[in-house]
Amino acid sequence: FPGPGGPIQARMYTPLGAGIGPAPGILYFHGGGFVLGDLDAFDMVCMRLADGARCRVISFEYRLAPEHTFPAAHDDAMACWLWVLENAENLGLDPKRLAIAGDSAGGNLSAFIAQTTNIKKIAAPAFQLLLYPLVQFADIRTKKMPFQESGGFFSANVFDYFRDTYIANDSDRMDPRVSPLFASEAAFKGLPPAHIVLCGWDPLKDEGR
């Protein structure tokens with residue numbers, strides 16, 4: 001479907017038990033630090049999510065750095081949300097029972113959609129599923145981290161690379177779109193419920209908490 005920077009690819013999963021629409025649905029945004037990831041890499045995740053939730057899941061691709069820097073991915077994510085709202089009936093979805101979900105950078109995009117729709121008073125998600133979300137890109141390094149958080153699987157260097165690749169201007173690191181943890185107090189009032197999954201061996205654990 002048409003997006004801000006060209007066509008956006010999407011894939012819908014309809015499991016047994018999803019029923020006839022209009023029915024609940026989940027919008028899923030993949031992780032990868034705004035640099036990596038595509039529909040195929042997260043195919044099994046979306047299959048399992050659709051099967052476990054017994055509802056339709058739509059997975060989206062979005063523009064990635066270094067070819068497309070901030071706010072390209074965020075603009076695409078909002079376009080995905082608005083497109084689903086506009087086409088909910090044809091997709092068999094109930095626009096009032098849509099959840100947003102994502103891991104890492106995808107969790108960031110999900111939190112961004114929840115805050116933005118809340119502030120702008122437009123149709124908002126009913127629920128957030130944030131899997132080890134990236135909620136701030138301002139500073140990963142200065143906090144104290146034990147080895148299992150700082151180098152066991154993902155290191156702080158990886159997030160520095162993702163940040164510097166996606167965010168061209170240092171001044172944008174505190175932008176609430178890419179660092180929703182630092183959004184205004186008003187952005188947190190009236191948000192939909194959220195289920196947040198954290199990982200012990202992850203530099204982002206404290207931010208998620």
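Here are some notes:
- Any hit, region 136-159, residues being modelled with pLDDT of 95 or more and open to solvent by 70 Å² or more (accessible area, probe 1.4 Å): no
- Across region 38-78, the number of residues qualifying as more than 14 Å from ASN108 (Cα to Cα), in a helix (DSSP H, G or I) and aliphatic (A, V, I, L, M) comes to 7.
- Scanning region 171-192 for residues that are open to solvent by 80 Å² or more (accessible area, probe 1.4 Å) and closer than 17 Å to SER110 by Cα yields ARG177, PHE182, PHE188, LYS189.
- Residue count, region 156-209 (criterion: outside any helix (DSSP H, G or I) and out of contact with any strand residue (DSSP E or B) (no Cβ under 7 Å at 6 or more places or on another chain)): 21
- Pairs with Cβ under 6 Å, 6+ apart, first in region 42-69 and closer than 15 Å to CYS80 by Cα, second assigned to a helix (DSSP H, G or I) and of a type in the set (D, E, K, R): TYR62/ASP76; ARG63/ASP76
- Within region 1-20, the set of residues being open to solvent by 30 Å² or more (accessible area, probe 1.4 Å) and either part of a loop (DSSP other than H, G, I, E, B) or closer than 17 Å to MET44 by Cα (or both) comprises PHE1, PRO4, GLY5, GLN9, ALA10, ARG11, MET12, THR14, LEU16, GLY17, GLY19, ILE20.
- Residue within region 121-134 that is more than 12 Å from PRO192 (Cα to Cα), without any contact (Cβ under 8 Å) to a residue 24 or more places away in the chain, open to solvent by 10 Å² or more (accessible area, probe 1.4 Å) and assigned to a helix (DSSP H, G or I) present: no
- Flag for SER110 being out of contact with any Cys (no Cβ under 9 Å at 6 or more places or on another chain), small (Gly, Ala, Ser) and at pLDDT below 95: no
- Meets criteria (assigned to a helix (DSSP H, G or I), modelled with pLDDT under 95 and more than 16 Å from LEU198 (Cα to Cα)) for VAL84: no
- Considering each residue of region 50-73 in turn, at least one proves to be over 19 Å from HIS195 (Cα atoms), surrounded by fewer than 20 Cβ atoms within 10 Å (Cβ to Cβ), within 14 Å of the chain's Cα centre (by Cα) and hydrophobic (A, V, I, L, M, F, W, C).
The values are calculated or read from the model by the stated rules, or taken from the named source; none is laboratory data. Computed from a prediction, not measured in an experiment: that's the story for all the values here. So basically every Cβ, Gly included, is an ideal-geometry build from the backbone, and we count neighbours across all protein chains shown. To get the accessible areas, we keep the full protein, side chains included, count just its heavy atoms, and leave off ligands, DNA and RNA. Shrake-Rupley method; radii C 1.70, N 1.55, O 1.52, S 1.80 Å.
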